[in-house]
1. PRE reach from Arg101 (point 7 Å along Cα→Cβ): which of the range 45-79 fall under 17 Å by backbone N?
2. What does the charge dipole of the range 17-77 about its Cα centre add up to, to the nearest 20 debye, if the Cβ of each Lys and Arg holds +1 and the Cβ of each Asp and Glu holds -1?
3. How big is the range 173-223 along each principal axis, measuring the range of its Cα positions in Å and listing the largest first?
4. What pairs from Lys198/Lys225; Lys108/Lys221; Lys54/Lys151; Lys108/Lys225 go past 23 Å between their alpha carbons?
5. Quick one: Cα centre-to-centre distance for the range 11-27 and the range 222-247, in angstrom?
6. Rounded to a whole number of µm²/s, how large is the Stokes-Einstein D of the chain at 20 °C and 1.002 mPa s, given Rh as the Kirkwood radius over C-alpha pairs?
7. Take the alpha-carbon centre of the range 33-52, take the same for the range 129-176, and report the distance between them in whole Å.
8. Which peptide among 158-166, 7-15, 206-214, 104-112 comes first, and what is the full order, when sorted by highest mean count of other Cβ atoms within 10 Å?
Amino acid sequence: MQFRNDGRALDELRPIEIIPNYIEQPVASVLYRQGRTWVLAAIDADEQVPRHAKDRGEGWLTAEYALLPSSTRPRTPREARSGRQSGRTVEIQRIIGRSLRAVVDLYKIQDRCLYIDCDVIQADGGTRTASITAAFIVLAMGIEKLIDYGKLAENPLNDTLAAVSCGIVQGFEMLDMNYNEDAMAAVDLNLAITGSGKYVEIQGTAEGKAVEQAELDRLLKLARKGVGEIDEKMRAVLTDLDVHLPG
């Protein structure tokens, strides 16, 4: 089987490490590592909801995403200095929030807003997919604590969620691309998939050549394999923390 610049097989995930409760101030936090990409995710709750969700009997969930300046080479300028977020940042945090809301019953959050922060402290490709996975882990942890605190009456999760990238690089179909692979990819897909196998987000771009149906089918199969393996690792950590998950 063809091997890659980091020695992995084409269908092999990067090593994953999940470190819960990495910082103390938020309701819950996790440091999530996938290869050389590291994401610090945290969750907090507010007793107010945005205007669009008021008087509807439901809560809200939103996410913020950022690359720390030292997470990349060359250094990524801090967006606060320019006074606005980049289009990429806005896009990714909307994807994270939208993906999570797909597996949450907002009516069970009860006029409350859940805020999830995803800060990339080191980037080597796949930061948006790693952030979605990290965000779900910390969401599940935070919900468990809010139930324990008496803030939530029941668990609003209706499924689990994880995300992964895949693509075609120099003619080879690859799972979980690092930065160098992603930069050379002729086809790049990012997918968020539930534990029950439903697609929440499918982002795909072909550069240089159009994608054949057979190629797309194989990439989707590759992504489902990767998400299944991530889901297993995630469930093992959350089970050890006595976090209850659907399914």
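1. Within reach of a label on Arg101: 46, 48-65.
2. 460
3. Here the Cα extents, ordered largest to smallest, are 33, 24, 15 Å.
4. Lys108/Lys221; Lys108/Lys225
5. 12
6. On the way: Rh = 18.5 Å.
Calculated translational D: 116 µm²/s.
7. With the range 33-52 and the range 129-176 each reduced to a Cα centre, they are spaced 11 Å.
8. 158-166, 104-112, 7-15, 206-214
Read the figures in this text as sums done on the coordinates, not as results from a lab. Remember, predicted model here, so these are calculated numbers, not experimental data. Every residue, glycine among them, receives a Cβ derived from its backbone with ideal geometry; neighbour counts consider all protein chains shown.
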